[in-house]
Amino acid sequence: MKTAVVYYSLGGSTRSFARAEATARAADLIEIRPAKPYNPFTSFILGCPAAIRQKAVPLADTPNLSGYNHFVLMAPVWAGHPAPPFNSAVQALPAGAKVEVLLVSASGTNKSRAKVRALIESRGCTVTALRDIQSHQ
């Protein structure tokens, strides 16, 4: 089973966790970047409302995920939900993939877990794990 760790990071915390995860699993590491990068201000003003609504954003480059059947999706949590580039990564998943979700958060994702699972399953994928990684942001 070929695995890819696909992640978005604004400030670098998620990037550090993603690199460690990819190394531990001997997986490929794929960073996704929005076409219009966020900064701390726009992540709060624009990103948080979009995260709550599970909106995707255009990516700088659409990742080719066709060669993988197992994914670890990682992103920071904004307003209790994965950052919008996470939703864009979900849209790129091939049907039938096995997906683990690791979300980097200081406060947790209890209020968004069911929505995240439903979003991924709507792509014809199976969620094998959904957990938070505690960050000290």
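Within the range 1-32, track down each residue that is of a type in the set (Lys, Arg) and over 19 Å from Pro94 (Cα atoms).
Step one: of the range 1-32, the residues of a type in the set (Lys, Arg) are 2, 15, 19, 25.
The answer is Arg15, Arg19, Arg25.
All but one of (1) under 21 Å from Gly96 (Cα atoms); (2) touching a residue at least 12 places away in the same chain (Cβ under 8 Å) hold for Asn64, so report the exception by its number.
Going through the list (1) under 21 Å from Gly96 (Cα atoms); (2) touching a residue at least 12 places away in the same chain (Cβ under 8 Å), Asn64 breaks only (2).
Being over 20 Å from Arg53 (Cβ atoms), assigned to a loop (DSSP other than H, G, I, E, B) and either of a type in the set (A, V, I, L, M) or at pLDDT below 95 (or both) is the filter here; which residues of the range 97-137 pass it?
Scanning the range 97-137 gives Ala97, Ala106, Ser135, His136, Gln137.
I'd like to verify a number: residues in the range 125-135 that are within 24 Å of Gly11 (Cα to Cα) and free of Cβ contacts under 8 Å to residues at least 60 places away in the same chain, how many? I'd like the intermediate steps shown before the answer.
Applying the first criterion (within 24 Å of Gly11 (Cα to Cα)) to the range 125-135 yields 130-135.
Checking the rest, the ones that are also free of Cβ contacts under 8 Å to residues at least 60 places away in the same chain come to 130-132, 134.
Here the count works out to 4.
Answer yes or no as to whether Ser122 is without any contact (Cβ under 8 Å) to a residue 12 or more places away in the chain and either of a type in the set (S, T, N, Q) or crowded, with 18+ Cβ neighbours inside 10 Å (or both). Spell out the reasoning first.
On the way: without any contact (Cβ under 8 Å) to a residue 12 or more places away in the chain: yes; either of a type in the set (S, T, N, Q) or crowded, with 18+ Cβ neighbours inside 10 Å (or both): yes.
Yes; evaluated as a whole, the condition is true for this residue.
Okay, residues lined up against (1) over 24 Å from Ala20 (Cα atoms); (2) among the polar types (S, T, N, Q):
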| site | (1), (2) |
| --- | --- |
| Pro58 | yes, no |
| Thr62 | no, yes |
| Val72 | no, no |
| Pro84 | no, no |
| Val90 | no, no |
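Counting residues that are open to solvent by less than 40 Å² (accessible area, probe 1.4 Å) and over 17 Å from Lys115 (Cα atoms), which strands (runs of 3 or more DSSP E) fully inside the range 1-95 reach at least 2?
3-7, 70-78
The values are calculated or read from the model by the stated rules, or taken from the named source; none is laboratory data. Just so it is clear, the structure is predicted and the values come from calculations on it, not from any experiment. FYI the Cβ positions are ideal-geometry reconstructions off the backbone, even for glycines, and counts take in every protein chain you see. Please note that ligands, DNA and RNA were not included when accessible areas were found on the heavy atoms of the full protein model with its side chains. Shrake-Rupley method; radii C 1.70, N 1.55, O 1.52, S 1.80 Å.
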